[in-house]
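The block underneath contains the structure these notes are about, expressed in structure tokens.
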Amino acid sequence: MPKNANAAELMQSLLEHIGRYRLTVLDGLEQLPLFGGMQAKQIRRLLWQMEHRKLVASASLYRGSTYWYLLPKGAAQLHLDTSRFGILSEQAKFRAFALLTFCCRNDKPRVRLTPQELTVYLPDCQRMGLPSTYYYDASGSGQLGFVRVDAGHHGRWDRVVQTLREDISAHLRRPAWERLVKADRFEFTVLTVFPEKAERIRETVEQNAF
């Protein structure tokens, strides 16, 4: 267990982590600095205690893998809207796991930003009705970014590119975002399952002015 952290503090941090990403998985937790040095069985014990207290629950992710999600009682402890939390639909599970992997199960750690945190970075920013998939990369100059998760599977790659164009245009219409984009402090990311689709998207973006 990390130094100077008791079980209650760790459970609260774990609860906040699940609230931020909507779900979590065990191997993702083992990579977080908060749980550095902890064995998988210790983290699993914390999750079991939280399940026992009806703060979280677990369900199947894929191929025998398990994910944990917030129950209304856990959401209430974080002062979140309890109606938004519970077992995830297949689409919601896919999107949440993609973002969790991008931020927490990667060589380059990032943090998904909550709407409240976003206003700290950009106090003059107003929400635009886009999905809350903004993130912060603390490396370098401190990059902000926006993720679009492609849930279309084998769908047309050109539709993903068109959606990306619309995302960029929507951000450039807001002065706060435009300043960051022009200062090379803001990036747009597309997450997709298929390498071939990712390559077509990358080639199109490189060949066209956005």
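Just so you know, all these numbers are worked out from the coordinates, no wet-lab data involved. What you are looking at is a predicted structure, and each value in this text was computed from that prediction instead of being measured. Note that each Cβ is placed from the backbone with ideal geometry, even for glycine, and that neighbours are counted across all protein chains shown.
Couplings for the range 41-58, taken from phi via the Karplus curve 6.51 cos²θ - 1.76 cosθ + 1.60 with θ = phi - 60°, read 5, 5, 5, 4, 5, 4, 5, 4, 5, 5, 5, 4, 8, 6, 8, 9, 9, 10 Hz in order; Gly and Pro are left as x. The convex hull defined by the C-alpha atoms of the range 5-67 has an orientation-averaged projected area of 4.2 nm².
Of Arg185, Arg95, Arg45, the residue with the greatest mean-square motion in the GNM of the chain, using alpha carbon springs below 10 Å, is Arg45. Across the range 165-178, computed HN-Hα scalar couplings (Karplus, 6.51 cos²θ - 1.76 cosθ + 1.60, θ = phi - 60°) run 4, 5, 4, 5, 4, 4, 6, 5, 6, 9, x, 4, 5, 4 Hz from first to last residue, x flagging Gly and Pro. Over every Cα atom in the range 34-151, the radius of gyration and the widest Cα-Cα span, Dmax, amount to 15.9, 45 Å.
Sorting 101-107, 58-64 by their mean Cβ neighbour count within 10 Å, with the most densely packed peptide first, gives 101-107, 58-64. Compare the Cα positions of Ala96, Leu144, Gln77 along the charge dipole of the chain (+1 at Cβ of Lys, Arg; -1 at Cβ of Asp, Glu; about the Cα centre) and return the one farthest towards the positive end. The one lying farthest along the dipole's positive direction is Gln77.
Ranked by the mean number of other Cβ atoms within 10 Å per residue, highest first, peptides 169-182, 11-24 order as 11-24, 169-182. Compared with the dominant Cα axis of the chain, that is its longest principal axis, helix 90-104 is turned about 90°. All Cα-Cα separations within the chain were binned at 10 Å from zero, giving a P(r) of 7, 30, 35, 21, 7, 0, each value a whole percent of the pairs.
Taking amide H atoms as placed 1.01 Å from N in the peptide plane, the amide H of Val190 lies under 5 Å from those of Arg148, each 5 or more residues away in sequence or on another chain.
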